[in-house]
1. Do you know which residues across the range B:46-58 are in contact with a helix residue (DSSP H, G or I) (Cβ under 6 Å, 6 or more places away or on another chain) and not in a loop (DSSP other than H, G, I, E, B)?
2. Would you confirm whether or not the range B:63-75 contains a residue that is closer than 18 Å to B:I147 by Cβ and in contact with a strand residue (DSSP E or B) (Cβ under 9 Å, 6 or more places away or on another chain)?
3. Can you say whether B:R7 is away from every other protein chain (no Cβ under 12 Å), open to solvent by 20 Å² or more (accessible area, probe 1.4 Å), assigned to a helix (DSSP H, G or I) and of a type in the set (K, R), as far as the supplied structure shows?
4. Within the group B:Y71, B:Y85, which residue is assigned to a loop (DSSP other than H, G, I, E, B), open to solvent by less than 10 Å² (accessible area, probe 1.4 Å) and within 14 Å of another protein chain (Cβ to nearest Cβ)?
5. I'd like to check something: does the range B:12-24 contain any residue that is under 20 Å from B:E119 (Cα atoms) and crowded, with 22+ Cβ neighbours inside 10 Å?
6. Quick one: A:L142 ticks every box in (1) within 14 Å of chain B (Cβ to nearest Cβ); (2) under 20 Å from B:G94 (Cα atoms); (3) under 16 Å from the mean Cα position of the chain (by Cα) except a single one, so which number is it?
7. What number of residues within the range B:17-52 are out of contact with any Leu (no Cβ under 8 Å at 6 or more places or on another chain), more than 13 Å from B:D146 (Cβ to Cβ) and polar (S, T, N, Q)?
Protein chains: 2
Amino acid sequence: MDLDLARTWLATAVEEAKAGLAEGGIPIGAALYSADGTVLGRGHNRRVQDADPSVHGETDAFRNAGRQRSYKGTTMVTTLSPCWYCSGLVRQFGISRVIVGEARTFHGGHDWLAEHGVEIVLLDDPECVGMMEDFIAAKPELWNEDIGE
Amino acid sequence: MDLDLARTWLATAVEEAKAGLAEGGIPIGAALYSADGTVLGRGHNRRVQDADPSVHGETDAFRNAGRQRSYKGTTMVTTLSPCWYCSGLVRQFGISRVIVGEARTFHGGHDWLAEHGVEIVLLDDPECVGMMEDFIAAKPELWNEDIGE
């Protein structure tokens, strides 16, 4: 896909990550876009805010998109490489593409998704890297809890 | 593990599945057990009830268990083979064991989990098979929506 468009969509996920950070949460955000570029849902990690370990950025965006009959042609954009939980979500529901803000601070399942036919756009965005580096340095215990380590 | 104990734990997941069915929902239930046999959380698919596609049986049980520092030694018991989304949950958070009620009506990611060191106990329970067969026959569209097909 066009990388300028990918970066524009990433900005939505970054806004979500910053909103999560401002709430005292883990700064990971995501959004689900339809093929025509409409935001179907957007969200961010809510482990801290809702005391809910099941709400990662991607699952929050997916939830907020509500019930959909098909995910064909949709794109999940996320500030961070999707963990196995969120990668499994993408594979099960047939989300066509994932735009990944960065995979330096955490390398999840995006290679596995590529092997299974999902288009992966890895942006290596410095702002996303910086957000996670700062967060991991400040709250390593919380980060490890969020990825089950 | 002891199969009688596995069947006892499965009964909790079956209760959840039946509760979901009684609510007009998809009859898949699950529970997360600690190593000492305590129920940490239990739940069922809530796609219909909450108009929330992110709540499968396993993710509901996981959510209802709240924040946990570690999942080492825990067991997820589910009435149906876990889909990729729920299999990813198990792998990411290091849940040690999955008891699967049945994998006849749907074959998810439990083989993949076994390859990655998760203990899989497949019970092939006739009541679980019957519940899903009846549901799929009655509401095939809803079932396909729930697995993204």
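The values are calculated or read from the model by the stated rules, or taken from the named source; none is laboratory data. On a predicted model such as this, the values are computed, not experimentally measured, just so you know. Don't worry about glycine lacking a Cβ; one is built from the backbone with ideal geometry, like all the others, and counts go over all protein chains shown. All accessible areas refer to the heavy atoms of the entire protein, side chains included, with ligands and DNA or RNA removed. Shrake-Rupley method; radii C 1.70, N 1.55, O 1.52, S 1.80 Å.
1. If the condition is that a residue be in contact with a helix residue (DSSP H, G or I) (Cβ under 6 Å, 6 or more places away or on another chain) and not in a loop (DSSP other than H, G, I, E, B), then B:R47, B:E58 are the ones that fit.
2. So far as the range B:63-75 goes, no, none of its residues is closer than 18 Å to B:I147 by Cβ and in contact with a strand residue (DSSP E or B) (Cβ under 9 Å, 6 or more places away or on another chain).
3. Values: away from every other protein chain (no Cβ under 12 Å): yes; open to solvent by 20 Å² or more (accessible area, probe 1.4 Å): yes; assigned to a helix (DSSP H, G or I): yes; of a type in the set (K, R): yes.
Yes, satisfied.
4. B:Y71
5. Restricting attention to the range B:12-24, the residues satisfying the condition of being under 20 Å from B:E119 (Cα atoms) are B:12-13.
Adding the requirement that they be crowded, with 22+ Cβ neighbours inside 10 Å leaves B:13.
For the range B:12-24, residues under 20 Å from B:E119 (Cα atoms) and crowded, with 22+ Cβ neighbours inside 10 Å: present.
6. With (1) within 14 Å of chain B (Cβ to nearest Cβ); (2) under 20 Å from B:G94 (Cα atoms); (3) under 16 Å from the mean Cα position of the chain (by Cα) applied to A:L142, the lone miss is (3).
7. So the answer is 1.
Quick grid of which residues meet (1) modelled with pLDDT of 95 or more; (2) touching a helix residue (DSSP H, G or I) at 6+ places or on another chain (Cβ under 6 Å); (3) not small (G, A, S):
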{"position": "B:D60", "(1), (2), (3)": "yes, no, yes"}
{"position": "B:G66", "(1), (2), (3)": "yes, no, no"}
{"position": "B:L89", "(1), (2), (3)": "yes, yes, yes"}
{"position": "B:I99", "(1), (2), (3)": "yes, yes, yes"}
{"position": "B:F106", "(1), (2), (3)": "yes, no, yes"}
{"position": "B:D111", "(1), (2), (3)": "yes, no, yes"}
{"position": "B:E115", "(1), (2), (3)": "yes, no, yes"}
{"position": "B:E119", "(1), (2), (3)": "yes, no, yes"}
{"position": "B:E127", "(1), (2), (3)": "yes, no, yes"}
